[in-house]
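Please read the structure below before turning to the comments.
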Amino acid sequence: MRQAVDLKFLKDKTVYKLSDAGILEDVGDIYSLTPEVLLAQGLGEVQSANLMQAIDASRSRALEKLLVALGIKHLGPAAAESLARRFGSLDAVASASVADLAAIDGVGDVIAESVAKWFVDKRHKSIVTKLRKGGVRFDNVTVIDAPQTLAGKTLVVTGTLAKFGREEAERAIKDRGGKSAGSVSKKTFAVVVGNEPGASKVKKAEELGVPQIDEQAFEHVLATGELPA
């Protein structure tokens with residue numbers, strides 16, 4: 001439970017104590033805690049104050065982090081972020097069909113079915129209700145202002161780039177509406193080749209005739225969505 005809401009001041013022994021007292025049954029109950037309850041359970045004033053401050057801060061966590069915090073089977077950070085960006089709120093994710101969920105890049109059938117199943121469970125509906133009553137934001141999504149130059153395009157990054165770390169390069173692609181894939185296929189728009197690239201990816205690109213571009217060309221693609229002339 002402590003890990004689920006990322007509250008470093010909520011120690012495991014505190015969770016056990018509050019659970020044994022019937023105060024905490026699930027993650028939703030965290031948002032009904034008060035300083036008086038914590039003090040009555042033997043927490044010190046400083047620890048109680050720190051915990052209440054952390055709880056308050058967690059009410060405005062990003063939607064993708066909230067989705068991960070729910071502990072939905074198979075749903076990791078990457079897929080949660082894709083869902084958050086596509087649907088924009090927890091309520092929209094909860095009401096989406098399996099087909100709509102599965103259609104999101106990086107989600108697929110297994111995760112989609114797990115997400116849909118989680119939200120129809122009565123116990124989980126109760127958790128969502130508690131979170132809502134506790135003032136947790138359901139629509140805190142980072143707005144991306146980058147032009148969608150790569151919408152519908154798939155790129156593969158291999159090797160080390162000078163200006164982009166691997167995650168930064170993938171984020172730059174996704175922020176512009178593209179897909180950052182781990183393998184090369186005939187649908188790949190281009191392979192970004194840095195220092196010490198993966199030999200198998202380079203070979204596959206050559207076999208399929210997929211364009212290979214350097215970092216400078218990658219920056220051009222990010223800006224325009226087109227390969228350099």
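Values quoted throughout were computed directly from the atomic coordinates according to the rules given, and no laboratory measurement underlies them. This structure is a prediction, so every number in the text was calculated from the model and none was measured. Methodologically, a virtual Cβ is constructed for each residue, glycine included, from the backbone with ideal geometry; neighbour enumeration extends over all protein chains shown.
Brief remarks follow.
- Most mobile listed residue (Ala162, Ala181, Ala49) in the chain, GNM with C-alpha springs under 10 Å: Ala162
- Axis of helix 45-58 versus longest Cα principal axis of the chain: the two differ by about 40°, to the nearest ten degrees.
- Evaluated at q = 0.17, 0.18, 0.22, 0.25 Å⁻¹, a Debye calculation over the C-alpha positions of the range 63-133 (equal weights, vacuum) places log10 I(q)/I(0) at -0.52, -0.58, -0.90, -1.18.
- Efficiency of FRET between Ser126 and Ser200 - r from beta-carbon atoms, R0 45 angstrom, step 0.05: 0.40
- Cβ crowding within 10 Å, taken as a proxy for footprinting-reagent exposure, orders Tyr31, Tyr16 from fewest neighbours to most as Tyr16, Tyr31.
- Given R0 = 22 Å, the distance between the Cβ atoms of Ser19 and Ala40 translates into a calculated FRET efficiency of 0.90.
- Rounded if a/c under 1.5, otherwise prolate or oblate - the range 2-58, Cα gyration tensor axes: rounded
- Taking amide H positions as modeled 1.01 Å from N, with prolines and chain starts lacking one, the residues under 5 Å from Val157 and 5 or more places away or on another chain are Ala181, Val192.
- Working from Cα pairs under 8 Å separated by at least six residues, relative contact order for the chain is 15 percent.
- Residue order, fewest to most surrounding Cβ atoms within 10 angstrom, among Glu167, Glu81: Glu167, Glu81
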